[in-house]
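The values are calculated or read from the model by the stated rules, or taken from the named source; none is laboratory data. The structure presented is a predicted model; accordingly, all values stated were derived computationally and were not measured. Note: ideal-geometry Cβ built from the backbone for every residue, glycine included; neighbour counts use all protein chains shown.
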């Protein structure tokens, strides 16, 4: 394969060492190397490049040090077709990306009067004079293509010719600026290198089944296909099934993948809680609103965490009524009138008490559905029950209450997260059945 | 400066290009480059190395590809004294760190019978036979020092001699295994390179004041001191003041920093919610338990999120009673008997309603303190109030209720998080006053 780069390459062609075209992310900032900040830009950029069919082969982070930055640029330029640099475009002495790219390209920095004007105008809008330091941001390596700033930092792209033509795209490290510039300018830069072939990853969020169990179902369905790449990712409360397909454009890839998404969902028999960017919580709120129904919760172990997860969805107020946080044993009586005798007979983490909590919070709030949970999140035990013992109940619109008990593995945070997911997912499955 | 490395260097000494001794983190795994996972190991390792006085100059991530891994090792070995490798020690064909280090060192892999035995024993404990693939994990580059596995993957350290002596420490990528091996073995490896000088960063979590305001107080207090490095980090709901000090050992650094931590805390007049690893929630639960007092919540906008945040602290059940999630307007009446007339007169997001919620949930639960919150988290508005309008109230043990109203900036998640923080922090300040 021979890849021809953009106009600045003067007809040079690149014999790539990798097929498909490959890229690196170079993140600039001492705060990354001090461990004060985790590099989430590299993750985001990698996802975007993968969608356009570009393989990312290196993430490299360097301090605000000119020599180190130039050495990193040179090493990466020898290895990839495209380097995305994030950071180092601000106005302070620590912002060295402009100087480093100029040094790596062996060119001068030119001051762009239209950028000086633009930066000065931004300060004027805010009623301030431009500090002299900001002049620096208008100096761009000679021969680069300038991207006008969305914040205060002009960004740019240029081609390094030695040892191979490599396109370097320099963006601010501030995530929202980087993302806006990506859509406006970088997508086209990537297309120039990768062509129009795009890759889309469809994500199926599977709740309530284990990774090997899910793999045993899905692998035979995808195994024979060259056009689909399959991956599994185990998260704390769910398994992600990731199906990656390529096509000439995004719509084509979505269309090509849709039958497979539906087949896999069907084969997993209701365990697919949501697809792509939707979360379990969003799926449940969407289903409730579509059904014109409401939900209340009575939460002991999770202490309001389930209601808060549902309330995190914009528009939740159309479906979420509220409920009770019945953390202490007395709260179960004082807030929802669970009889003292029932609590004494069974203990607070029990099927009968959890069932009663669901029934009573539904009654009190008039909600169509009600979730109740109790459990032992640890590290201490309750009534000598082992840590991880959890009970969740769902009161249906017809008044029936179903109760589930399981020992959930993990530390305190994991037990609470997984208990909440199990309860919300139970509601999702029941709503899907009544569609 | 001349740094003498461990025994395997045979008397060679290293002329470092960086002072103090410097290191790199090499993370191995295609999932990082695909954007499926963010490299939090690199952040954690950097913090640990900084504490021992080692500057991290590069983070580099590579795919599961032998050539790329060897090239990365060689490039880093030429540039730093210590390379921490995370990942690639599992049993599958994709796990290539052992082969790559052996190739970079130009040595063979030796099978260690005691490791074979150990791995087989782990499988036997689980009632399984060791799959042949796992034999691979017992093969270690010749001359390496072996770290016995905490999970299933043996780890190791060895010294590359070319072009300079560089210590390579290879650890599993699974965070909990990596962290355990760090404490057991890597701290000593780092001490061998960096000496016993350690650096400790004290973190003051400041809530309720802005970054520039905090900086104006703290900078003059630290400005003149060579032995302290000061940094500020703005998080969503707090400002971190980071004071880094060096000493011969950890206890010495803690002792040296303590007076400064106390001076800065005093100067910030109660805005320091917690110090070091403690969270705001942990601080409040600790204060409540010390006072023998309890807390209940009545939450509209945050929908149980405040109670859930308090319940995330182990031992919270000694202080958290529970409360009500009064999300819908009717829930405020149905669960806590807020009069319909009050709701109609003022609207649900209002001082009088929020005050009433706090008073009634305290009464109903018998808690000593009660928090109530209402607000407009967006994107929709309530009663034409602007998005971000928030009210929080705190009922004191004597029955007095104080109410605060503010417009909180940010998106839905930020408004809810910051409202919760403001309410919890108000309780913390009042508890501190009654100490």
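Residues of the range B:397-411 that are out of contact with any strand residue (DSSP E or B) (no Cβ under 7 Å at 6 or more places or on another chain) and surrounded by 12 or more Cβ atoms within 10 Å (Cβ to Cβ): B:410, B:411.
Picking from residues in the range B:71-105 that are touching a helix residue (DSSP H, G or I) at 6+ places or on another chain (Cβ under 8 Å), closer than 24 Å to residue B:21 by Cβ and in a helix (DSSP H, G or I), the one that is nearest to the other protein chains (Cβ to nearest Cβ) is B:75. Would you mind stating whether residue A:331 is within 14 Å of chain B (Cβ to nearest Cβ), modelled with pLDDT of 95 or more and either buried (at least 19 other Cβ atoms within 10 Å of the Cβ) or more than 34 Å from the chain's Cα centre (by Cα) (or both)? Spelling it out, residue A:331 is indeed within 14 Å of chain B (Cβ to nearest Cβ), modelled with pLDDT of 95 or more and either buried (at least 19 other Cβ atoms within 10 Å of the Cβ) or more than 34 Å from the chain's Cα centre (by Cα) (or both). Within the range B:117-153, being in contact with a strand residue (DSSP E or B) (Cβ under 6 Å, 6 or more places away or on another chain), closer than 18 Å to residue B:177 by Cβ and in a loop (DSSP other than H, G, I, E, B) holds for one residue alone: B:144. It is to be established whether one or more residues within the range A:42-51 are within 26 Å of residue B:55 (Cα to Cα) and at pLDDT 95 or above. Yes; the residues of the range A:42-51 include at least one that is within 26 Å of residue B:55 (Cα to Cα) and at pLDDT 95 or above. When B:219, B:189, B:262, B:177 are screened for being within 30 Å of residue B:39 (Cα to Cα), over 20 Å from the mean Cα position of the chain (by Cα) and part of a helix (DSSP H, G or I), only B:189 passes. Only one of the numbered conditions (1) more than 14 Å from every other protein chain (Cβ to nearest Cβ); (2) buried (at least 18 other Cβ atoms within 10 Å of the Cβ) is not met by residue B:423, and that is (1). Summed over the range A:36-53, the residues that are more than 7 Å from every other protein chain (Cβ to nearest Cβ) and surrounded by 24 or more Cβ atoms within 10 Å (Cβ to Cβ) give a count of 4. Selection over the range B:375-390 of residues that are within 12 Å of chain A (Cβ to nearest Cβ) and buried (at least 22 other Cβ atoms within 10 Å of the Cβ) gives a count of 3. Consider residue B:367 carefully, then state whether it is in a loop (DSSP other than H, G, I, E, B), over 19 Å from residue A:308 (Cα atoms), more than 7 Å from chain A (Cβ to nearest Cβ) and in contact with a strand residue (DSSP E or B) (Cβ under 9 Å, 6 or more places away or on another chain). Judged against the criteria, residue B:367 is a match.
Only one of these is over 28 Å from the mean Cα position of the chain (by Cα) and within 23 Å of residue B:245 (Cα to Cα): B:224, B:195, B:143. Name it. The match here is B:224. State which residue is farthest from residue B:415 (Cα to Cα) when the search covers only the range B:229-251 and only residues that are more than 14 Å from chain A (Cβ to nearest Cβ) and at pLDDT below 85. Looking at residues that are more than 14 Å from chain A (Cβ to nearest Cβ) and at pLDDT below 85, I get B:248. One residue alone among A:267, A:215 is surrounded by 14 or more Cβ atoms within 10 Å (Cβ to Cβ) and touching a strand residue (DSSP E or B) at 6+ places or on another chain (Cβ under 9 Å), and that residue is A:215.
Scanning for something crowded, with 24+ Cβ neighbours inside 10 Å, more than 12 Å from chain A (Cβ to nearest Cβ) and in a helix (DSSP H, G or I), does the range B:348-355 turn up at least one residue? Among the residues of the range B:348-355, at least one is crowded, with 24+ Cβ neighbours inside 10 Å, more than 12 Å from chain A (Cβ to nearest Cβ) and in a helix (DSSP H, G or I), which makes the answer yes. From the list A:290, A:298, A:256, exactly one residue is within 14 Å of chain B (Cβ to nearest Cβ) and more than 21 Å from the chain's Cα centre (by Cα). Which is it? From the options A:290, A:298, A:256, the qualifying one is A:298. Comparison of B:245, B:228 shows that the only residue that is within 14 Å of residue B:276 (Cα to Cα) and surrounded by 13 or more Cβ atoms within 10 Å (Cβ to Cβ) is B:245.
Conditions (1) at pLDDT below 95; (2) assigned to a loop (DSSP other than H, G, I, E, B); (3) in contact with a strand residue (DSSP E or B) (Cβ under 7 Å, 6 or more places away or on another chain), marked per residue:
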site	(1), (2), (3)
B:301	no, yes, yes
B:313	no, yes, no
B:327	no, yes, yes
B:335	no, no, yes
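Return yes when residue B:111 is modelled with pLDDT of 90 or more and in contact with a helix residue (DSSP H, G or I) (Cβ under 7 Å, 6 or more places away or on another chain) and no when it is not. Yes; evaluated as a whole, the condition is true for this residue.
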